[in-house]
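Input: a single structure, listed below in structure tokens.
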Amino acid sequence: MSDNTESLLRLEGVNLAIHGKPILNDVSFELKAGQTLGIIGESGSGKSMTALAIMQLLPRGSTVSGSIHFAGHALHELAESALCELRGSDIGMVFQEPMTALNPVKTIGDQVSESVRLHRRVSRREADLITLKTLERVGLPNEQFPLSRYPHELSGGQRQRVVIAIAVACKPRLLIADEPTTALDVTTQAGILALLKELQAQEQLGLILITHDLAVVSSMADDIVVMNKGGVVEQGELLQVFKAPADDYTRMLFAASALTQVKRKPIIRDANANANANANANANINTQADIVHPLLSVSDLVCEYVLPRKRLFSSPGSFRAIDKVSFEVHAGESMGLVGESGCGKSTLTRALLGLMSLHSGTITLAGESVTAMRQVSSSARQLMQVVFQDPYGSFNPRHKVGRLVSEPLHVLDYKPGRAEVLRRVTDVLSSVGMRPDDCDKYIHEFSGGQRQRIAIARSLIVGPKIVILDEAVSALDVSVRAQVLELLDTLAEEQGLAYLFISHDLSVVQRVTDRVMVMRDGQIVERGYTADVFADPQHAYTQALISAAPVLNLD
Amino acid sequence: MNWRSVVPGAFLLVVVIVGALCSFIWTPFDVAGLDIRNKMQTSSAIHWLGTDHLGRDILSMLMVGARTSLAVALVAVFIGMGVGVPLGLFAAARRNSWVDELIMRGNDLVFAFPALLIAIMITAVFGPSAINAIIAIGIFNIPVFARLTRGAAMSLWTREFIMAARVAGKGELRISYEHVLPNLTNLLIVQGTIQFSLGILAEAGLSYIGLGAQPPIPSWGRMLAESQTLITLAPHLALYPGLAIVFTVLGLNLLGDGLRDWLDPRLRRER
Amino acid sequence: MFRYIIRRLGSLLATLVVASLIVFIVIEVVPGDPASFMLGLNAQPDTIAALRAELGLDVSKVQRYLSWVFGMVQGDFGQSYTYRTPVADMVGDRLWISLPLALYALALSTLIAFPAGIWAASRRGRFADSAVMGFTQLGIAVPNFWFALILVLVFAVNLGWFSAGGFVSWDAGFFASMKSLTLPAVALALPQAAILTRVMRSSLLDVMGEDYMRTARAKGLSERQALLRHALRNALIPVLTIIGLQFSFLIAGAIIIENVFFLPGLGRLIFQSIAQRDLIVVESVIMLLVFAVVIVTFLVDIAYAWVDPRLRHGVR
């Protein structure tokens, strides 16, 4: 069938429509045996559908044309039963969401050995042996991870290893990994990527790595395919495409992905806020109040969650999510807070916003104490506002934009008239680059990037001095992210805003902040000027974080 | 909207409602008028659906009976919503507090009493009546709405738009009313039609065993009870009231299904 | 797991205690003096006094409640006022009709609903699915006692396969008794089966949209294998909830259906007792039914833990 013996997988002119809506348009590419092909694209580019088309696991109502050849099989013509034999034995697949990709009511041993027993004529014992070996190979040794474990007993990274074990248990020739590390922390991501690379080399796997992250692809792939709006815009050898992108879209994508630190003028005048010298910073604030007026000052903050009782009559235990955290943010400053999931950064956001009660410690905003929700004065609320991560979940879908944006006006001491509300809403919408007449639309009429602009508008309407950006750009595509980051720069400059920029993404934090704090297990393990911390991390954890983060590096 | 289910559903329901409303002004015959000479007739030009064992016109009785059925079930839904929804909202706003615990345990308790047992208890003490049927079915509806509301409200409370409202300094009650409740209306409308149709069935059952509306108020359930001893002589006496119940419940369920498809944005987005 | 069971047992006990309080208050405290209520308006003062003494109403309400509850725990439900026999004996006989009837109906409804729901889900959008859904739509709308009348008309009056009513005692043999319970059980089960089929189907369809179903398909399982091996057990969780709720509907339904078929079960007993103002019997039967419902809820909770390992480990 194929004149090129090296070709493992070849797509030719694949078109896909779901319920008549075109999804893929003339997609063609080729993967050679034992090589890695990176497919990059933003959300809606059709990269995941391409993977499902190869697996022939498309949703109902799909119509496909074009040809897909895999190792001598014409996948697009094969009967379902023949496809079932190929899936899991010759082609394995790894998905984005490890938390939901495993059946919660079956043990990990069952789920891996099922794949073995399905494709190999082996006894249960032999299948269990193969399962044990496979789990060892993906880094889950039997002593710590017996086959009888259930998925909920494992962390996200460990679950992703189980999913990989399912995919490679029958030694496939092709492995498709669809955003395998997007839902994981940086350090975990590094481990999974290393594992994929190792498996690929050892087994001479053909690997398709689908991702939105150019940095990930640059460290893994031999060839890349760039997709946009359901079509392939550019493909070729990795270095060639990276060094000399031919297509406009590719160039834009690369430009938006390559975040370099913007030179900001140093704002900190306080000697105590010097890098890594903070232990006695708080003590001096009161005495030097005339010199330094920190806008937001947090000292010895402790937040705890009550845990369910261990035994029937034992007293409930507690979990310390924030453990003696102190810092301050000055007017006009951009402060970063980096940490992996579970480090306490979202608890900190909630505590700062007065959405949860503090165990001990103080939060002072412009000289006024902020302790718990009910006590937060409206003047304090005016000073500090927030932008959340999820551009879809952060708006009531039943209200129009005008009402959504004007909601924080509730904190004003007086009730503004309709004309004033309208004036403020249109002002603030135009300041974030939206049109004034957008206020009569519902939120579902806007894209993710536009929604995040509206969220920023909402946070600015009461004229705050500091905005907490809680993973505010993490859900956005790189091209949109670049625009939103630019908007944040402009706003900071125009309105003298201070930011507390909370993120798991090192490259973004490096791009937008003046100072940065690194958080782990509820404690701040390192802090200092952003440039210094990234250039010369002192704490072992910071070093691990920075070295684990994939870098867009082609030299 | 799923027209294949809404249109027939709405049609059946409109027929029943029009019949019920019409009976306030006009019925073919007086439902209290006994006419022993013309008892147990089958369908004819005069008595479209025939007459019962006392010579009363069945169509007229069905029309008046529809009134009872609809009224009892509808008021019971309002009782369930009126008490259950605020309880659920409150439990969600103060989740994991003792208030929440108390409300949910109370709910469990009512769940342990099927509507019929509540009706039996009320009847044992106060005697049977349509009001008792309403109260029994209404009490039964309360935990249904309370649980539904609490569950849905709890998941809304974790959403970021609620956090945004809290950052705007709004209180729990105001957020419940302004942000949570409007996002529950679809769910409540759909559950309302389900409980409405269950209420029709429950009312029929209660009046069948004599715990519902008392004579001389006609009700579908009692018509069936009276037909039972005559079932070999005049099966049509059992047929028509039964069909009336089936059509009403079917109409409500079809309408509810159609509404759910239409109102559920998750389903709508896929179209 | 052990902790989970203990916790469920605790809430079961609490529910029973509060339920008994409510029953006691509604039946014995609200009507005022039970003795004069039971004897009616025309009773002589000395007859009332005699009954008060006989029923032990002279003591305080708290004492009465406690002796009632502790009596029940020991199996002593008191004396029927009308029949002057121990309530426990009267209830005992009838329980062996009502309980088997409800369980029979539950078994039938489950046996119909599981295959029908799975079949409809696996043929989603095709004719079989629409047909099953149409039938369930009808099944939900039919009141069970009317369906019972029709069954009598068809299978007893016209075909003569079953008797139109009455119960053949268990002494006459298991199958004879079960036969006399068959029409009532079918009448009870079919509407419930319709509901359960719909829940089974929609629960399966929900689960089939989960990520792990895609993992299962990527492993090489066919759609059908994935459904049976991975979707079914996960889909059982909401289905179990409904089965638990249905038992309380079936208990209530049994009370009504017993009237259609002249079965001498708890339902008939309770209506007789209401008519005769025999409050002690009413009280005891209600408590017994509540107890049955609560026990079934407990069993369903245990079944959850069997299905879902996360519950066993106390994660959710």
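The values are calculated or read from the model by the stated rules, or taken from the named source; none is laboratory data. This one's a predicted model, so the numbers in the text were calculated from it and none came from an experiment. Ideal geometry is used to build each Cβ from the backbone, glycine not excepted, and the neighbour counts take in all protein chains shown.
Quickly run through the stretch C:269-284 and pick out the residues that are over 15 Å from C:ASP76 (Cβ atoms), assigned to a helix (DSSP H, G or I) and more than 9 Å from chain B (Cβ to nearest Cβ).
Of all residues in the stretch C:269-284, those over 15 Å from C:ASP76 (Cβ atoms) come to C:269-279, C:282.
Imposing the further condition that a residue be assigned to a helix (DSSP H, G or I) reduces the set to C:269-275, C:279, C:282.
Within the stretch C:269-284, C:LEU269, C:GLN272, C:ALA275 meet the criteria.
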| Among A:ARG173, A:ARG125, A:ARG149, which is basic (Lys, Arg), more than 9 Å from every other protein chain (Cβ to nearest Cβ) and touching a helix residue (DSSP H, G or I) at 6+ places or on another chain (Cβ under 7 Å)? | A:ARG149
| Criterion: touching a helix residue (DSSP H, G or I) at 6+ places or on another chain (Cβ under 8 Å) and at pLDDT 90 or above - qualifying residue of B:ILE122, B:ILE103, B:ILE137, B:ILE118 | B:ILE137
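So is C:GLY253 at the interface with another protein chain (Cβ under 9 Å from one of its Cβ atoms), assigned to a helix (DSSP H, G or I), of a type outside the set (Lys, Arg) and in contact with an Asp or Glu (Cβ under 6 Å, 6 or more places away or on another chain) or not?
Details: at the interface with another protein chain (Cβ under 9 Å from one of its Cβ atoms): yes; assigned to a helix (DSSP H, G or I): yes; of a type outside the set (Lys, Arg): yes; in contact with an Asp or Glu (Cβ under 6 Å, 6 or more places away or on another chain): no.
Here the answer is no, as C:GLY253 does not meet what is asked.
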| task | May I ask you to verify whether A:ARG125 is at pLDDT below 90, of a type outside the set (Gly, Ala, Ser) and within 26 Å of C:SER222 (Cβ to Cβ)? | result | no
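When you go through B:SER44, B:SER69 one by one, which is the residue that is buried (at least 18 other Cβ atoms within 10 Å of the Cβ) and of a type in the set (S, T, N, Q)? Before the answer, list the steps.
Values: B:SER44 fails: buried (at least 18 other Cβ atoms within 10 Å of the Cβ).
The unique qualifying residue is B:SER69.
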| Only one of (1) touching a helix residue (DSSP H, G or I) at 6+ places or on another chain (Cβ under 7 Å); (2) in a helix (DSSP H, G or I) fails for A:TYR499. Which number is that? | (2)
| note | Filtering the stretch A:466-484 for residues that are in contact (Cβ under 8 Å) with a residue 40 or more places away in the chain, in a helix (DSSP H, G or I) and within 21 Å of A:THR349 (Cα to Cα) leaves a count of 0
| message | Please go through the stretch B:163-182 and give me each residue that is crowded, with 20+ Cβ neighbours inside 10 Å, part of a helix (DSSP H, G or I) and in contact with a helix residue (DSSP H, G or I) (Cβ under 6 Å, 6 or more places away or on another chain), ordered by number. | response | B:ALA165, B:ILE175, B:SER176, B:HIS179, B:VAL180
| note | Within the stretch B:89-143, residues over 22 Å from C:GLU28 (Cα atoms) and hydroxyl-bearing (Ser, Thr, Tyr) come out as B:SER97
| Does the stretch C:295-306 include one or more residues that are without any contact (Cβ under 8 Å) to a residue 40 or more places away in the chain, more than 30 Å from C:VAL152 (Cα to Cα) and either within 14 Å of chain A (Cβ to nearest Cβ) or in contact with a Leu (Cβ under 8 Å, 6 or more places away or on another chain) (or both)? | yes
| task | Take A:PRO146 and decide whether it is in contact with a Gly (Cβ under 8 Å, 6 or more places away or on another chain) and surrounded by fewer than 16 Cβ atoms within 10 Å (Cβ to Cβ). | result | yes
| query | Looking at (1) more than 30 Å from A:ALA167 (Cα to Cα); (2) surrounded by fewer than 22 Cβ atoms within 10 Å (Cβ to Cβ), which is the one condition that is false for C:ARG229? | reply | (1)
| Does A:ILE224 meet the test of being outside any loop (DSSP other than H, G, I, E, B), without any contact (Cβ under 8 Å) to a residue 40 or more places away in the chain and within 25 Å of A:SER45 (Cα to Cα)? | no
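Here are B:PRO235, B:PRO215: which of them is within 11 Å of chain C (Cβ to nearest Cβ) and surrounded by fewer than 19 Cβ atoms within 10 Å (Cβ to Cβ)?
Working: B:PRO215 fails: within 11 Å of chain C (Cβ to nearest Cβ).
Just a single option satisfies the conditions, and that option is B:PRO235.
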| request: Residues being β-branched (Val, Ile, Thr) and modelled with pLDDT under 85: count how many of those fall in the stretch C:239-259. | output: 4
| query | Which one is farthest from the other protein chains (Cβ to nearest Cβ), of the residues in the stretch C:202-228 that are free of Cβ contacts under 8 Å to residues at least 24 places away in the same chain and outside any helix (DSSP H, G or I)? | reply | C:GLY209
| task | Return yes when C:MET200 is among the hydrophobic types (A, V, I, L, M, F, W, C), farther than 25 Å from C:GLY134 by Cβ and out of contact with any strand residue (DSSP E or B) (no Cβ under 6 Å at 6 or more places or on another chain) and no when it is not. | result | no
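Yes/no matrix, rows are residues, columns are (1) surrounded by 19 or more Cβ atoms within 10 Å (Cβ to Cβ); (2) within 14 Å of chain C (Cβ to nearest Cβ); (3) under 30 Å from C:ARG7 (Cα atoms):
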{"position": "B:PRO28", "(1), (2), (3)": "no, no, no"}
{"position": "B:GLY33", "(1), (2), (3)": "no, no, no"}
{"position": "B:LYS39", "(1), (2), (3)": "no, no, no"}
{"position": "B:GLY50", "(1), (2), (3)": "yes, no, no"}
{"position": "B:ASP57", "(1), (2), (3)": "yes, no, no"}
{"position": "B:VAL83", "(1), (2), (3)": "no, no, yes"}
{"position": "B:ARG94", "(1), (2), (3)": "no, no, yes"}
{"position": "B:ALA112", "(1), (2), (3)": "yes, yes, yes"}
| request: State which residue is nearest to A:HIS410 (Cα to Cα) when the search covers only the stretch B:135-152 and only residues that are of a type in the set (A, V, I, L, M) and surrounded by fewer than 24 Cβ atoms within 10 Å (Cβ to Cβ). | output: B:ALA152
| request: Please identify the pairs in which a residue from the stretch C:10-29 that is in contact (Cβ under 8 Å) with a residue 60 or more places away in the chain and facing chain B (nearest Cβ under 10 Å) has its Cβ atom under 9 Å from the Cβ atom of a residue that is assigned to a helix (DSSP H, G or I) and charged (D, E, K, R), counting only partners at least 6 apart or on another chain. | output: C:LEU12/C:ASP301; C:THR15/B:ARG105; C:THR15/B:ASP108; C:VAL23/C:GLU283; C:ILE27/C:GLU283; C:GLU28/C:LYS61; C:GLU28/C:ARG64; C:GLU28/C:GLU283
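Here's a check for you: in the stretch A:134-163, which residue that is assigned to a loop (DSSP other than H, G, I, E, B) and touching a residue at least 40 places away in the same chain (Cβ under 8 Å) is farthest from A:VAL116 (Cα to Cα)? Walk me through how you get there before you give the answer.
Our first condition is that a residue be assigned to a loop (DSSP other than H, G, I, E, B); within the stretch A:134-163, this holds for A:138-150, A:154-155.
Add one more test, that the residue is touching a residue at least 40 places away in the same chain (Cβ under 8 Å), and what stays is A:138-139, A:147-150, A:154.
Details: A:VAL138: 16, A:GLY139: 18, A:LEU147: 14, A:SER148: 17, A:ARG149: 18, A:TYR150: 18, A:LEU154: 22 Å.
Per the criteria, the residue is A:LEU154.
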| request: Determine, yes or no, whether C:ALA231 is at pLDDT 90 or above and assigned to a helix (DSSP H, G or I). | output: yes
| said: Name the residue that is modelled with the lowest pLDDT, counting only residues in the stretch C:38-56 that are closer than 19 Å to C:ILE274 by Cα and not in a helix (DSSP H, G or I). | reply: C:LEU41
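Quick check on A:PRO397: is it outside any loop (DSSP other than H, G, I, E, B), touching a residue at least 24 places away in the same chain (Cβ under 8 Å) and at negative phi?
Working: outside any loop (DSSP other than H, G, I, E, B): no; touching a residue at least 24 places away in the same chain (Cβ under 8 Å): yes; at negative phi: yes.
Taking the combined requirement at face value, the residue does not satisfy it.
Kindly indicate whether any position in the stretch C:134-153 is at positive phi and surrounded by fewer than 23 Cβ atoms within 10 Å (Cβ to Cβ). Step through it out loud before you land on a result.
Taking the stretch C:134-153 as the starting set, the residues that turn out to be at positive phi are none.
Checked the stretch C:134-153: no residue is at positive phi and surrounded by fewer than 23 Cβ atoms within 10 Å (Cβ to Cβ).
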| said: Need a quick list: strands (runs of 3 or more DSSP E) entirely within the stretch A:30-97 having at least 3 residues that are within 28 Å of A:THR188 (Cβ to Cβ). | reply: A:36-40, A:91-94
| request: With respect to B:LEU21, determine if the residue is modelled with pLDDT of 80 or more and surrounded by fewer than 20 Cβ atoms within 10 Å (Cβ to Cβ). | output: yes
